[in-house]
Each structure stands twice: as structure tokens, then as C-alpha cells.
Amino acid sequence: MSSSTFTITELRAKIDALPRYRIARLPTPLDHMPRMSKELGIDLFVKREDMSGLAFGGNKTRELDFFIGDALQRQATVFIAGGGAAQSNHAVQCAAAARRAGLHPVMVLHRFRDEAQGNVLLNRLMDVDVRFIDGATIDSAIDARTALEGQMHRVAREYERRGESCYVLPTSFHVLGAAAYVDGAIEIVEQMATQALAVDHLYLTSAGATQVGLALGLKMLGAQPKVTGISYTAASNSLVPRMIDLGRQVGELLGLPVSLSNDDIRNESYAGPGYGIVTPDGLEAIRMAASLEGMFLDPVYSGKGMAGLIDHVRRGIVRKGERVVFVHTGGLPAIFAYHKELARTAS
Ligand SMILES: *Cc1c(COP(=O)(O)O)cnc(C)c1O
């Protein structure tokens, strides 16, 4: 262990200095998966971030404790977020957290699969002010982001003319989202200690903040698992440098002596044809988790993440008998929006 690592107490003190509005039910469980372990020939545990306790759960709940904390400290009355597809899991989590904190939720979304099912239905039930972005496709991320931020700020001005005060969260690729997962790393290390587990690998579905926070937190604590992110968007060369830069911002925010390098960020895409498009191996992963463990994964995020882990086991990147923690990042309402694809291929 190098001298630049922190103890849990020291690292937690850094996190505790940030404004935080506690909605997430923490710690989330770290569950053994005996039947999937047997099937795959590894020792599999799942960190149940899908049980974070807000609107069907997921990684965004933990992050929103900090986003909402920040919004309340800035005395916002309106919470503007979104950025994803109509079925955005992030948006529903944002809207639910805003409602819990008494803020008015406004979600700016791409008109992609906007059938009134899954997350679209949940937004309607929460009476979210949903605004659609015109003219941008979901995979043209850079252009879409510019269009998105422009639209978010136009909506903010509209609310401000009515005397509201707006908090705009253009993306969860955000220093506070990553800081939330430094806290997630602390929790995992504590649970590993309590359950006396030596863990070889940590897998999760991420193209950003969740992986950055976990990788940085584990590195700060000198913990051993290798972190592998499975991306749900088409592979992009710019992803790793952006993640390293986000890690630098978190280090600055929290005053950490350690930063992330290329070696710390392993990320591979299992998006298949693109974001939000069902893949055969994702479906196989969803069926395996459901039929062996009664655990549900979703076709957009966690199913693709698990598909990546299964493929790495089959290719020998994860060796037989190794112990793996898979972080279940949530996304469950989407299974209802994808019922046609999921039902068609069910055996
Ligand atoms: C947002 C999200 C992720 C990935 O989050 P990153 O910000 O890319 O780390 C994974 N799973 C679900 C269900 C999500 O909503």
C-alpha cells in the first residue's frame, strides 16, 4: 500500500464535507449469486445499486444525493436535467429525487422510443415537465449535447421569468456524480472487510462518472479489485481521456493526492449497434440473471454490462474461480418499454 492512500475515515471525511440531501438507502446490499457463480465458474457477488431505494433504484440515486444537496444549497426551486432518450433512466431518477426534495422537475429529452411505458410512464405519473429536443439523434452525442444545453438554458430562462430559481444538470458526467461513487467505493471496501472477501475484479456498466468514482475510491483506499467498465454507447476513443480528466476534477474537489491513469480505466463497449438497441448477448445476460437468481437486469445498461462480464469470463480475461463484484446500476423500468423485444426472444 503506498503512502498516498487514505483510510476509510479520512476519505469519508472528504465526502462528508460536500452538501448532501439523503434520499438513497445506504449501504445497498452486496449479495452472493451462488447459481450464476456455478454457471459461470467464478465467484460472483452483486452490489445492489438497483436497491438504492428511489423510483426502482439505480446508480443515479446515490449521485442525486449530491446533485440535490447542491441544488438546495443554491436555493433552487426548479431542477432541470435529462439529456438522454425519452426512456432515460437518469431522467426518471432525477425527477423522483426532485419531487422528494420539493423541487419542480423539468426533463429535456430526445424523442427516441417515447411509448408511454417504462420510464415515460413514470415521468407522466410524476407530472414532470418533459421537453423534447428537436433535430438531434441520440448517438450524435457531441452535437446533441450542444443542442441539449442550449435548450436546458432556454427552459431555465422561461422559468426564471416566472420568478423561479433553476438548477441545471446537463449531464451526469459530473464531478459530484463521480464523488458519489468515491463514497460507493468506500461502501464496497467496508462490505468486503465485513464479509472477509478478497475480490479480484469489479465490473460495472459505465461510460463515465460511476466508473471514475469507483476507480478513484478503490485506488485511494489501496483496494485490490481491478475495475472494468462496460460501455452502453458505441466505443469512443475520447472516453478514457475524458474519464481521466473527470477523475482529476474529483481529486481537486476532494483534495486527493492520487489521480487516475490509463491503467486505471479499462472500458470496453458492449453497446452493439448503439445506445438503447437490444443485443442478443444482453438478452442472454438478462435471462441468465432472471432465471437463475430472480434478479432483473435491463436491456440498455445493466444487461449489456453483465453481457460484457460473461464474455470476459468466456474469453478467459476473468479466470475460473476468480471473485468478481458486479455493480448492478439499475435501469429496471426499461424492461417494460422493451417488452416486445424481450418477450419475442424469451425461451
Ligand atoms: C446512467 C446509468 C449507468 C451508467 O452511468 P455512467 O454515468 O455512465 O457511469 C449505468 N446503468 C444505469 C441503469 C444508468 O442509468
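For the reader, a short list of remarks on this structure follows.
- The numbered conditions (1) farther than 23 Å from Gly57 by Cβ; (2) in contact (Cβ under 8 Å) with a residue 40 or more places away in the chain; (3) buried (at least 17 other Cβ atoms within 10 Å of the Cβ) are all true for Gly251 except (2).
- In the range 200-238, the residue that is surrounded by the most Cβ atoms within 10 Å (Cβ to Cβ) out of those that are more than 14 Å from the ligand (Cβ to nearest atom) and in a helix (DSSP H, G or I) is Met220.
- Candidates Met107, Met51, Met33 - the one that is hydrophobic (A, V, I, L, M, F, W, C), buried (at least 24 other Cβ atoms within 10 Å of the Cβ) and on the phi < 0 side of the Ramachandran plot: Met107
- Qualifying residue in the range 255-262 (condition: outside any loop (DSSP other than H, G, I, E, B) and free of Cβ contacts under 8 Å to residues at least 60 places away in the same chain): yes
- If only residues of the range 123-159 that are modelled with pLDDT under 85 and in a helix (DSSP H, G or I) are counted, the one that is surrounded by the fewest Cβ atoms within 10 Å (Cβ to Cβ) is Ile142.
- Top-ranked residue in the range 305-330 [being in contact with a strand residue (DSSP E or B) (Cβ under 6 Å, 6 or more places away or on another chain) and not hydrophobic (A, V, I, L, M, F, W, C); ranked as surrounded by the most Cβ atoms within 10 Å (Cβ to Cβ)]: His328
- The range 165-191 residues that are within 13 Å of the ligand (Cβ to nearest atom), paired with ones that are in a loop (DSSP other than H, G, I, E, B) (beta carbon under 6 Å, 6 or more apart): Phe173/Gly208
- Residue count for the range 67-91, restricted to those that are surrounded by 24 or more Cβ atoms within 10 Å (Cβ to Cβ), hydrophobic (A, V, I, L, M, F, W, C) and over 13 Å from the mean Cα position of the chain (by Cα): 7
- Number of the exception - Ser291 against (1) hydroxyl-bearing (Ser, Thr, Tyr); (2) surrounded by 18 or more Cβ atoms within 10 Å (Cβ to Cβ); (3) assigned to a helix (DSSP H, G or I): (2)
- Residue list for the range 173-200, restricted to those being in contact with a helix residue (DSSP H, G or I) (Cβ under 7 Å, 6 or more places away or on another chain) and over 13 Å from Thr28 (Cα atoms): Phe173, His174, Val175, Leu176, Gly177, Ala178, Ala179, Ala180, Val182, Val199
- Hey, Gly255 more than 16 Å from the ligand (Cβ to nearest atom) and among the small types (Gly, Ala, Ser) or not: yes
The values are calculated or read from the model by the stated rules, or taken from the named source; none is laboratory data. Keep in mind that this is a model prediction, so the values were computed, not measured. When we count neighbours, we look across all protein chains shown, and the Cβ atoms used for this are built from the backbone with ideal geometry, even at glycine.
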